[in-house]
Amino acid sequence: MDQLETDVLVVGGGTGGTVAAIQAARAGVTTILVSEFPWLGGMLTSAGVSAPDGNELAAFQTGVWGAFLSELRQRQPEGLDHAWVSFFTYDPRIGAQIFADWVQQLPNLRWIAGQTPQAVLQQGERITGVQFETLSIHAKLTLDGTELGDLLALGEIPHRWGWELQSQWGEPSAPVSENDLTKRYPVQAPTWVVLLRDFSVVKSTPVIPARPPADLEQFTGAWEDYGPEALLNYGRLPGNLLMINWPQWGNDYGIGLERLITSQQAKLEFFQEARWHSQNFAQFIQTQLGQRYGLATDVFPASQGAIGGGAYALHPYYRESRRLQGLVTIKEQDILPLPGGQVAPLPLNPAGQVEAIAIANYANDHHYPGSDLALKSKSLRWGGRWTGTPFTIPYRALIPAETDGLLVCEKNISVSHIANGATRLQPVVLGIGQAAGMAAALCVQRRCQPRQLPVRVLQEALLSDAIAPAAVVPLFNLPPAHPNWVSRQRHYLDHPDTYPASGNCPSLKHALSSAPVDPYLQKLTGTFHRQAEQDYRFTSSDPTRGNVHTWTLVTLEPQVNEQLQNCLNGQTLTVQGWLNPAGNWLRVQTIS
């Protein structure tokens, strides 16, 4: 068996692991990234969910997340605004190529594909490396970026799987006692994403075969509250691709979820069932809506013995994994807004320092097939649309309570089952990965363990990163292009007691939008209609159909949000923005 040594070892080429390895190498330490699949990026690519949710506002497009969006805008010829579930949809092949290119640019980063961890190497309470099928790698620091927190199990590091009752932490949405839902679904259900293609004028694409058990009646009513167009446009991608990741009697799969962690054979059985479930849902869609919709068989790479490939993602889209028992645990109270405010409280360590290292703002969203969970709302209206309360990830949620030599960098952070519904999304996991990779590099350079690294050193490194500086304090009206961006971030780190509950820096003049010139940006003149607070419409001639049309008016830009709040009902406006027929919205970049 080959023996390798490195400063930092990242196990798992998912969203967090890929970025952690890239950031560690960019920070100057030797890094090895070991992945199971031939694509890097996890949720964003190999799992097929190329429609990221959360951190969509301009002020939150920072760090590697912002850099990824910038690369997508340059490489995706058709633009990014195609679906109604996300403002950013793209061909997953392009996302995978971006990550591969970033890795290739780093001579101190070695990527090894096609290996899975078999054992964790330890000396006492310190992780020293990982053994794989054909090699062992010894490292000063190891990062668990696996989709299911595999190193936590292999290293017998204390972790959680399943629900916590309300008595444990007083979370308002946690169950008081075990019930049928908690027993049936110990974690949120994964989805095996399948990509269809709208062949438009082609009336007879190959029939999608059903696989056992072919109970297509289970999908009846999947889109009855939405309509078939909403189903198809939910995850519409460029090139007439349709991402099928549909939660309403669709292809979420949650039967026997405990098999994901009991044995390799049991996990493979779950995989096959979940994959067939998505195939049957695709067949149901084709049967109900017509053979113009067929499998997009040329997207995902095929490999011998693989269950995925072609039109099917390489692995499931996991919403939850094993969760570390860390130095601190993110609870539901930590992601909810301050009383009378629009942001969550900043997390403080025992020394009273802000320990935020990544930002997030997604709503708390849980998936259990056929069941609903009532959750305390953390949604708010901003920019003419619904978004979520911004909150932050504390550094200590990445550090095991007792074990040294390890950081986590995926959905496996120290978080409650309830709060995981808001921490599991692609942009925040990118931020977690970037912070973990930077922390690992700093620990190597300072010859210390993660628990010994001063959080302010990590925050300064993230804020001042030469390639992808990342925000650590969420502020609605402070986009990264603002000349006071770094100074205001530092101010609230130094003076957390002054952090505004509104999430807006007081007396701050807006910077002009930093969005690049986009050939799909259109200029329209029309009539502004105020429906209610933060609910706007815009009537104008439709440049695509030549008739008068009314659009929902939305924005991601703080200066436009403020302008819209001051517009008068019936006022004539000239705007520049993007039209999205799938969501029937006009996303405004500037108002003149």
Using a 1.4 Å probe, how large is the accessible area of TRP111, given in Å² and rounded to the nearest 10? 80
About the Cα centre of the stretch 487-592, how large is the charge dipole given +1 on each Lys and Arg Cβ and -1 on each Asp and Glu Cβ? Please answer in debye to the nearest 20. 220
Compute for the stretch 197-256: radius of gyration divided by Kirkwood radius, i.e. Rg/Rh, restricted to C-alpha atoms, rounded to two decimals. 0.98
Could you tell me what a quarter of the Cα convex hull surface of the stretch 414-489 works out to, in nm² with one decimal place? 6.2
Given the candidates LEU40, GLY13, LEU69, the one whose Cα lies deepest towards the positive end of the charge dipole of the chain, counting +1 at each Lys or Arg C-beta and -1 at each Asp or Glu C-beta, is LEU69
Taking the Cα atoms of the stretch 242-281 alone, what are Rg (to one decimal) and Dmax (as a whole number) in Å? 11.0, 33
Positive minus negative residues near GLN248 (Lys, Arg vs Asp, Glu; Cβ under 10 Å): -3
Please report, for the Cα atoms of the stretch 160-279, the Rg to one decimal and the Dmax as a whole number; what are they, in angstrom? 17.8, 58
Nearest-10 value in Å² for the accessible area of SER541, using the 1.4 Å probe: 70
Rounded to the nearest 10 Å², the accessible area of VAL103 at probe 1.4 Å: 10
Hey, what's the Cα Rg ratio for the chain versus the globular rule of thumb, 2.2 N^0.38 Å? 0.94
Accessible surface, per residue, of the stretch 218-307 when the full set of protein chains is kept, probe 1.4 Å, Å²: 43
Can you give the accessible area per residue of the stretch 1-55, in Å², using a 1.4 Å probe? 22
Please state, to two decimals, what the Cα-based radius of gyration of the stretch 317-470 comes to when divided by 2.2 N^0.38 Å (N = residues). 1.05
So how much slack lies between GLN118 and VAL176, counting 0.36 nm per residue of separation and subtracting their Cα-Cα distance, in nm? 17.1 nm
If the cut-off is a Cα-Cα distance under 25 Å, which lysines reach LYS183, setting aside same-chain residues fewer than 8 apart in sequence? LYS267, LYS331, LYS376, LYS411
Taking the Cα centre of each part, how many Å lie between the stretch 195-270 and the stretch 96-128? 32
Built amide H within the under 5 Å cut-off of LEU324, gap 5+: ARG160, ILE413, SER414, VAL415
The convex hull of the Cα atoms of the stretch 401-556, divided by residue count, gives a volume in Å³ per residue of 197
Rg over Rh [alpha-carbon atoms, Kirkwood Rh] for the stretch 102-184: 1.14
Could you tell me how many cubic angstrom of Cα convex hull volume the stretch 541-592 has per residue? 83
³J(HN,Hα), Karplus 6.51/-1.76/1.60, whole Hz, each residue of the stretch 23-38, x for Gly, Pro: 5, 4, 5, 4, 7, x, 9, 6, 9, 10, 10, 10, 10, 7, 10, x
In the chain the accessible area split gives carbon plus sulfur, as whole percent at 1.4 Å, a share of 49
Out of all DSSP beta bridges with both ends in the chain, state the antiparallel percent to the nearest 5. 70
Highest mean packing first, using Cβ neighbours within 10 angstrom, the peptides 456-464, 532-540 sort as 456-464, 532-540
Rg(Cα)/(2.2 N^0.38 Å) for the stretch 11-87, N = residue count: 1.19
Mean Cβ count within 10 Å, highest first, over the residues of peptides 36-45, 125-134, 559-568: 36-45, 125-134, 559-568
From phi via Karplus (6.51, -1.76, 1.60), per-residue ³J(HN,Hα) for the stretch 449-463 in Hz, x at Gly/Pro: 8, x, 5, 8, 6, x, 4, 5, 4, 5, 4, 5, 5, 5, 5
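The values are calculated or read from the model by the stated rules, or taken from the named source; none is laboratory data. Given the structure is predicted, the values throughout are model-derived calculations rather than measurements. Cβ atoms come from the backbone with ideal geometry, glycine included; neighbour counts cover every protein chain shown. The accessibility values were calculated without ligands, DNA or RNA, using every heavy atom of the protein model including side chains. Shrake-Rupley method; radii C 1.70, N 1.55, O 1.52, S 1.80 Å.
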